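**Student:** Starting off with a structure, shown below.
The values are calculated or read from the model by the stated rules, or taken from the named source; none is laboratory data. Predicted model only: the values in this text are computed from it and were never measured. With ideal geometry, Cβ positions are generated from the backbone for all residues, glycine too; neighbour counts draw on all protein chains shown. Calculation scope for accessible area: heavy atoms of the full protein, side chains included, ligands and nucleic acids excluded. Shrake-Rupley method; radii C 1.70, N 1.55, O 1.52, S 1.80 Å.
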Amino acid sequence: MFEYLEDSAGEWDHDATDFRERMQRLGVEVVWTSPDDKRAHARGENTMRQIEMSMKAIMLENSLPIEWWEDALRQAIILRNLVPASKNVKSGDGDAIRPLEQLSGGRISRRECDRRLHHLILVGTPCLVATPKVKGLT
């Protein structure tokens, strides 16, 4: 889903035929919002702010150099898709449908999301990897 923003780049404009054709080919449903709808713009900006804050937290956690921002950003997006959105949480224990579960139509279960979270290692975390069949290692 894509929301049209007033200040969007020209290649993403609703008049750009190449953009529309590519989205159609990829099966992406494009939803244009009114430039007057400030709530739609605020939602998009808030989402980006949350992802940016997550990326910075990952980078600070492991004292990563600025060159690692893209890897930290990718991991922040992965994390956001594994954790339930607060608007979906109705129960007291905080459990709700996960974005990845919803996007996959249930093919990726909540248990699988929990498993991925359990095994997740933050970008830049030093890891000891042993390969016993390599010569010189005992």
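**Student:** Mean separation of Cα pairs under 8 Å and 6+ residues apart, divided by the residue count of the stretch 37-128: what relative contact order is that in percent?
**Tutor:** Averaging sequence separation for qualifying contacts and normalising by length gives 25 percent for the stretch 37-128.
**Student:** About the Cα centre, and with charges only on the beta carbon of Lys, Arg (+1) and Asp, Glu (-1), how big is the dipole of the stretch 82-133? Nearest 20 debye, please.
**Tutor:** 140 debye
**Student:** Would you mind checking which residues have amide H under 5 Å from residue 96's amide H? H placed 1.01 Å from N; only 5 or more apart, or other chain.
**Tutor:** Distant-sequence amide H within range of residue 96: zero hits.
**Student:** In whole Hz and in residue order, list the ³J(HN,Hα) couplings for the stretch 45-62 that follow from phi through the Karplus curve 6.51 cos²θ - 1.76 cosθ + 1.60, θ = phi - 60°; x for Gly and Pro.
**Tutor:** 5, 5, 4, 5, 5, 5, 5, 4, 5, 5, 4, 5, 5, 4, 5, 5, 4, 10
**Student:** Heavy atoms only, probe 1.4 Å: what % of the accessible area of the stretch 46-138 goes to carbon and sulfur, would you let me know?
**Tutor:** Looking at the stretch 46-138 in its full context, I get 57 percent from C and S.
**Student:** For the stretch 65-72, in order, what is each residue's ³J(HN,Hα) by Karplus, 6.51 cos²θ - 1.76 cosθ + 1.60 with θ = phi - 60°, in whole Hz (x at glycine and Pro)?
**Tutor:** With coefficients 6.51, -1.76 and 1.60, one gets x, 4, 5, 8, 4, 5, 5, 5 Hz.
**Student:** What accessible area per residue, rounded to a whole number of Å², is obtained for the stretch 46-138 using a probe radius of 1.4 Å?
**Tutor:** Per residue, the stretch 46-138 has 78 Å² of solvent-accessible surface.
**Student:** Moving on. Nothing charged except the Cβ atoms of Lys and Arg (+1) and of Asp and Glu (-1): what's the magnitude of the dipole of the chain about its Cα centre? Round to the nearest 20 debye.
**Tutor:** Computed charge dipole of the chain: roughly 1000 debye.
**Student:** If you bin every alpha carbon distance in the stretch 15-81 into 10 Å steps from zero, what whole percent lands in each bin?
**Tutor:** In whole percents, the pair-distance histogram is 18, 29, 34, 18, 1.
**Student:** Also, I was wondering about something else. Which of these values of Cα Rg over 2.2 N^0.38 Å was calculated from the structure shown: [x] 1.12; [y] 2.44; [z] 1.38?
**Tutor:** Derived directly from the coordinates: [z].
**Student:** Any chance you could look up the accessible area of residue 120 with a 1.4 Å probe, heavy atoms only, rounded to 10 Å²?
**Tutor:** Near enough 60 Å² of accessible area.
**Student:** Between 89, 31, 123, where does the largest GNM mean-square fluctuation fall for the chain, given springs only between Cα atoms within less than 10 Å?
**Tutor:** 31
**Student:** Right, next: Suppose R0 equals 25 Å. What FRET efficiency, 1/(1 + (r/R0)^6) with r the Cβ-Cβ distance, do residue 122 and residue 34 give to the nearest 0.05?
**Tutor:** Using R0 = 25 Å, I get an efficiency of 0.05.
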